[in-house]
Amino acid sequence: MKKFTFGATVRQLLLIGMTLMAIVPTYIMFTGAFKTQAQFLKSPFSLPLHPSLAGFKAAWTDQFPQWLTNSFAITTFSVLLTEVVAALAAWGFARFAFRGRETLLGIFVSLMVVPPVVLLIPLFQVGVSLSLISTLRLVILIYVGLMLPFSVYMLTNFFKSIPESIIESANVDGASSFRTFRSIVLPLSGPALATLAVVNLLWAWNELLLALVFLQTNDKKTLMVGITGFQSRYSLDIPTVMAGMSIATLPLIIAYLFGQKFFIAGLTAGSTKGE
């Protein structure tokens, strides 16, 4: 009993510590955005007793709105395109028996462990040869390619968990494979698709390395790339940097809060399915 209590206490303490590690920097960022430089340096952990919007006004100048628009465009199109392609590919892997299916799926899974940094030089050479450097469509295509392996793997496993009797009933009614996929499988896959969308959205929005290399003109930068230079430019103005980071974080918080129910459902989807 003592061992059990001790183990539970240790786990609770670890969870509390990890929670604080995530919350404290976020708290400092949001509260610091509403302070002046003097207030932040005097007491970085205190609440802003006299909130100031000067940091947000300074952050919103320059090309910040353009960077925000670029991030929205790249993230939206890359996530939507990934969902469509991954769903179609996963349906093929899950329901069609063809030679080399497992080998091809294994190759997809192995691509999940390839770090993007090793692809920088060949991708850059391709971008130069196609005259696509500093274009949003090149970054979107690269993001789709990097997000597809995990997306296909996840949706393939989910589609395999759908009871076979449902698919057979649709076939008996004369539905084609695509009709079954569109009218039955996709509606049942809402939680899985929402989970995948949230995961890919978080990655695409926060990605820095590829966007930094391939988006070289100032008007094509994403928000993360812009804030990187923005931070060095305003390195002595902490509230301005905090305000820029807060604005960049808000869309992610809203997306997670909106999709939280579907995200949790997607994590457990398939665990209770049966014939």
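Quick notes on this structure:
- Given charges at Cβ of Lys, Arg, Asp, Glu: the stretch 100-189 dipole, positive-most of 107, 140, 184: 140
- Taking θ as phi - 60° and the Karplus parameters 6.51, -1.76 and 1.60, the scalar couplings of the stretch 32-40 work out to x, 5, 9, 10, 8, 4, 5, 5, 5 Hz in sequence order, x denoting glycine and proline.
- Filter on 160/220; 35/221; 42/220 - keep pairs with C-alpha separation over 32 Å: 160/220; 42/220
- Counting only Cβ charges, +1 for Lys and Arg and -1 for Asp and Glu, the dipole size of the chain around its Cα centre is about 480 debye.
- Potential lengthening between residue 52 and residue 126 on full extension [0.36 nm per residue; Cα-Cα distance subtracted]: 21.9 nm
- Taking the average, over residues, of other Cβ atoms within 10 Å as the packing measure, peptides 7-20, 48-61 rank 48-61, 7-20 from highest down.
- Note that the stretch 63-268, at 20 °C in a medium of 1.002 mPa s, gets a Stokes-Einstein diffusion coefficient of 114 µm²/s from its Kirkwood radius over C-alpha pairs.
- Between the alpha-carbon centres of the stretch 9-54 and the stretch 58-96 there is a gap of 31 Å.
- Entry note, the chain: the mean residue ellipticity at 222 nm calculated from DSSP H runs of n ≥ 4, each adding -39500 (n - 2.57), is -24000 deg cm²/dmol after division by the residues and rounding to the nearest 500.
Values in this text are rule-based calculations from the coordinates and carry no lab data. Computed from a predicted structure; not experimentally measured. Cβ sites come from the backbone with ideal geometry, for glycine too, and all protein chains shown count toward neighbours.
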